[in-house]
Every structure is written in structure tokens, then in C-alpha cells.
1. Over region 277-328, give the accessible area per residue in Å² for a 1.4 Å probe, as an integer.
2. Taking 0.36 nm per residue of sequence separation and subtracting the Cα-Cα distance, how much length would be gained by fully extending the chain between Leu105 and Leu58, in nm to one decimal?
3. On the protein heavy atoms, probe 1.4 angstrom, tell me the percent of accessible surface of region 1-154 carried by carbon and sulfur.
4. Taking a ≥ b ≥ c as the square roots of the Cα gyration tensor eigenvalues, with a/c under 1.5 meaning rounded and otherwise prolate when a/b beats b/c, else oblate, which class fits region 22-122?
5. Figure the gain on full extension for Phe426 and Asp462 (residue separation times 0.36 nm, minus the Cα-Cα span) and round it to one decimal in nm.
6. Leaving out ligands and nucleic acids, and using a 1.4 Å probe, what accessible area per residue does region 69-125 come to in Å²?
7. Is region 75-151 rounded, prolate or oblate when judged by the Cα gyration tensor, a ≥ b ≥ c being the square roots of its eigenvalues, rounded requiring a/c under 1.5 and prolate requiring a/b larger than b/c?
8. If you average the C-alpha positions of region 1-43 and of region 103-179 separately, how far apart do those two centres end up, in angstrom?
Amino acid sequence: MTTFVDRVELHVAAGNGGHGCASVHREKFKPLGGPDGGNGGRGGDVILVVDQDVTTLLDYHHHPHRKATNGQPGAGDNREGKNGKDLVLPVPDGTVVLDGNGEVLADLVGQGTTFVAGQGGRGGLGNAALASARRKAPGFALLGEPGEARDIVLELKTVADVALVGYPSAGKSSLISVLSAAKPKIADYPFTTLVPNLGVVTAGATVYTIADVPGLIPGASQGKGLGLEFLRHVERCEVLVHVLDTATLESDRDPVSDLDVIEAELAQYGGLGDRPRVVVLNKVDIPDGKDLADMIRPDLEARGYRVFEVSAVAHQGLKELSYALADIVAKARAAKPVQEATRIVIRPKAVDDAGFTVTQEDEGFFRVRGEKPERWVRQTDFNNDEAVGYLADRLSRLGVEDALLKAGARALDGVAIGPEDNAVVFDWEPSMSAGAEMLGRRGEDHRFEAPRPAAQRRRDRDAERDEAQSDYDGFNPF
């Protein structure tokens with residue numbers, strides 16, 4: 001069974017916002033108590049957060065679909081819906097978040113670092129919040145906005161100070177097992193290590209982590225073997241350690257050519273040219289291995305490498321290697337700027353989000369794009385004529401009608417609001433009535449403007465009295 005996963009495709013869906021409520025207050029002796037519909041709750045966000053206790057993406061490999069809870073709808077008596085609960089997903093330190101096109105969205109390094117992978121939808125306004133001096137009792141409410149849903153890719157890049165690289169069966173797993181408390185699988189056949197292993201090494205006052213990367217072979221940077229799958233785990237390491245096998249049984253291989261092949265693969269992968277290198281000649285406890293190490297050591301030192309002769313089995317040369325790596329790591333840490341504690345960065349949207357564009361896509365067809373008009377369309381109940389009239393009124397005040405006229409739109413031209421895959425299309429009329437003519441002037445609700453029967457009877461009696469008084473004043477019997 002798979003126990004280590006360092007790349008997964010995750011399908012996240014934030015919660016939808018709750019619908020607003022259209023309600024009229026009802027109380028004894030108050031037949032027209034006014035609107036009291038509450039707002040809908042906000043949908044929950046999907047948040048990735050770095051957790052040091054998590055070391056693999058295995059959980060998301062088995063359960064790739066994650067969804068936050070929806071906001072609750074509003075209710076009468078001005079009761080607002082409950083907000084949806086945020087879904088917090090712990091990820092390992094060093095996780096990179098990419099979109100479907102492979103573009104990096106976030107690089108999560110450091111305990112507590114967060115990234116909002118899916119934004120929850122806004123809750124719809126109830127008719128109490130939509131009431132105004134002109135629209136005293138709206139008979140509609142706004143719908144909740146759908147939550148953001150998208151596919152993302154999570155890639156884990158191991159956060160370690162030292163990376164052991166080399167051919168399969170060069171002794172990397174044996175070396176990390178004796179330098180640290182790590183217990184990797186060790187056997188006498190190639191590709192024994194199928195996943196990166198991490199170990200913690202203490203050398204004097206310096207404590208550092210060391211990673212055993214699965215064996216590399218020619219063509220690893222192009223996807224051959226396991227190299228391309230795990231080369232990204234060496235990107236964050238401060239030191240690269242070439243583990244060379246001085247006792248290989250393959251006649252067409254030798255430590256120097258192995259080093260050249262691995263360096264060529266690292267160069268093709270890119271981004272590792274500035275890392276310091278250390279060469280470890282392993283298996284010198286074997287007589288032939290010791291002789292070969294003595295022969296090639298001057299050549300390697302002439303190239304500028306620091307060379308260490310070790311034997312993981314016989315525990316030879318390990319202390320010198322451990323302290324040398326600790327010294328390099330300590331210098332690299334000192335050269336880095338001081339890392340501050342992870343801060344929560346709040347990036348509010350611009351206050352003025354009223355921008356929109358009008359483009360002509362075809363003869364007699366125009367498209368409107370913009371955050372406000374698209375959100376208004378998503379929150380409109382098109383089964384309610386009054387809600388459609390309210391949308392038309394908002395678009396007109398925003399300036400969409402004037403922009404369409406300037407773009408050359410004429411009556412009955414097609415207009416789409418939103419992207420191609422999810423747009424509302426209608427035949428445009430300069431009045432922007434949008435089928436709400438029966439409601440009277442835009443923005444007005446005539447239901448509460450109709451004369452009441454008692455008031456009408458009083459006005460009729462007053463008119464009759466005035467007419468009788470006028471007839472009496474004009475009567476002259478002489």
C-alpha cells in the first residue's frame with residue numbers, strides 16, 4: 001500500500017452563500033409591518049495551512065474531493081443565516097500549490113502559513129436590507145453567491161538541509177541510517193528506495209536534516225526511472241552530497257563518470273547550480289574500493305570538490321563528514337536573512353470594484369464583463385419580475401446602458417453578462433426595462449402605494465360635501 005505521496009490533484013469547492021429571505025412582518029393590529037427578511041450566511045472557505053506534523057499528501061490522494069459547508073438562508077423576523085464553516089486542510093511544510101495550467105499559486109513554507117484555495121460565496125441580502133425610501137417593501141431577496149470551485153495540484157518539495165544524490169545502490173540509504181535515526185529500507189538491489197527518507201543529524205551545536213533521494217540514472221531529468229518524480233525534493237536543500245560507489249560490480253561504470261552523469265541531470269533539471277557540492281566515496285571498507293578511492297581522489301579535489309572517504313557498514317569517516325556538513329549548513333543559515341514569524345496577510349479587495357468592460361464579439365452581439373455586474377446576475381432570481389427590475393435598475397445606475405450605447409449597441413441586440421461558459425443572455429432595449437414594466441417606474445413597488453379603501457371612502461365623502469356646498473353657495477331664490 002502506498003504510504004508516501006508527494007503530488008496530488010485536489011478538487012476543492014467552497015461553500016455557497018445562503019439565500020436572503022423575503023418576508024413581511026406580521027403582528028396583530030399591524031397588517032403592514034414592513035419587510036423583515038434576514039440576510040443569508042456566508043459560505044465557508046477552503047484553506048490550506050502548513051502543519052509540521054503532516055509529512056505526506058496521502059490523505060488527499062485517497063480523498064481528492066473536498067468541500068466546505070454552505071451558508072444558511074436568512075429567515076423572517078430579521079434572522080440572519082448562519083455562516084458556513086471554513087474547511088482547513090493541513091499540508092506538509094514545503095507544499096507548492098499550482099493551478100490546472102501549472103502556474104504556481106502559492107509556496108507554503110513555514111509552520112502556520114495559509115492559503116485560501118477556495119473563496120466562499122457571499123450571502124444574499126434579505127428584503128429588509130433592500131428596503132429604501134423608494135422601495136419600502138421589496139417582494140424579493142437576493143440569492144446567495146456560489147462558492148469558488150476549482151482543481152489545484154499540490155506538490156511536496158522536501159524541506160531539508162542536505163540531500164544525498166547518486167546512482168541506485170550507491171549506499172545513500174545506508175549512509176542516512178548511520179548518520180541519523182532514520183530507518184530506510186536497505187537491500188542489495190537497485191531502486192530499493194522508492195520514496196525520499198528524512199533524518200535528523202546532530203553534530204556539535206548544529207542540528208540539521210538530511211534527505212535520501214531515490215536513485216538517479218541517465219535521463220532522470222526527462223522522466224526516466226524515478227528521477228523526475230523526486231528531483232524536486234532537492235530544490236530546497238542547502239548542500240548536495242554526491243554519494244559515489246567505489247565498489248560497483250558494473251564494468252561500464254566508475255565513480256567519476258557517475259558523478260558527471262548526475263551533474264548533467266541536475267544541470268538539465270535547473271536551479272541547482274549555486275548549491276555547494278560534497279563528494280562521498282562510499283564502501284572504502286572493501287579493498288578494491290579503497291584502492292579506487294585513492295586513485296580518483298586527486299582528480300575530484302582538482303575539480304574543487306571536498307572529498308570524504310567513508311564506509312557506512314564499518315562506520316569509517318562518518319564523524320568528519322557529519323561535522324563538515326554541519327559547518328556548511330551553519331554558514332548557509334547565517335548568510336540567510338532572519339526569518340520572521342509567519343504573519344497573517346489580509347488583502348482586501350479594492351473599494352471601487354465598479355469597473356466593467358463592454359466588447360462587441362459579433363455583429364449585433366455584445367458581452368459585459370466585470371465583478372459587480374456578474375455578481376449581481378448570479379444573485380438575481382429571474383423567476384421574480386421585481387428582482388429582474390431591481391437588477392435592471394442597478395445596471396443602469398452602474399453605467400452599463402451608456403456603455404452599450406457608446407459601443408454601438410442598438411435595440412434588440414444580444415447582450416451577454418458573464419463568461420462564455422456561464423453567462424446570462426438577453427435582447428437589449430435602451431430602456432433597460434428587462435421585463436419589469438408591469439411594476440411601474442423602476443425601483444418602485446406599487447403594492448403599498450395603492451389607496452386604502454377607508455381613505456378612498458373618506459376622500460369620496462369630502463368630494464361630495466364640497467360639491468354640495470358649492471351648489472348651495474350658488475343657489476339664489478330671488
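1. Value returned for region 277-328: 51 Å² of accessible area per residue.
2. 14.8 nm
3. The nonpolar share, carbon plus sulfur, comes to 50 percent.
4. prolate
5. That works out to 8.0 nm of additional length.
6. 52 Å²
7. Cα axes put region 75-151 in the prolate bin.
8. 21 Å
The values are calculated or read from the model by the stated rules, or taken from the named source; none is laboratory data. Treat the numbers as computed from the prediction; the structure is a model and nothing was measured. Glycine gets a Cβ as well: all are built from the backbone with ideal geometry, and neighbour counts include every protein chain shown. Side chains included, ligands, DNA and RNA excluded: accessible areas come from the protein's heavy atoms. Shrake-Rupley method; radii C 1.70, N 1.55, O 1.52, S 1.80 Å.
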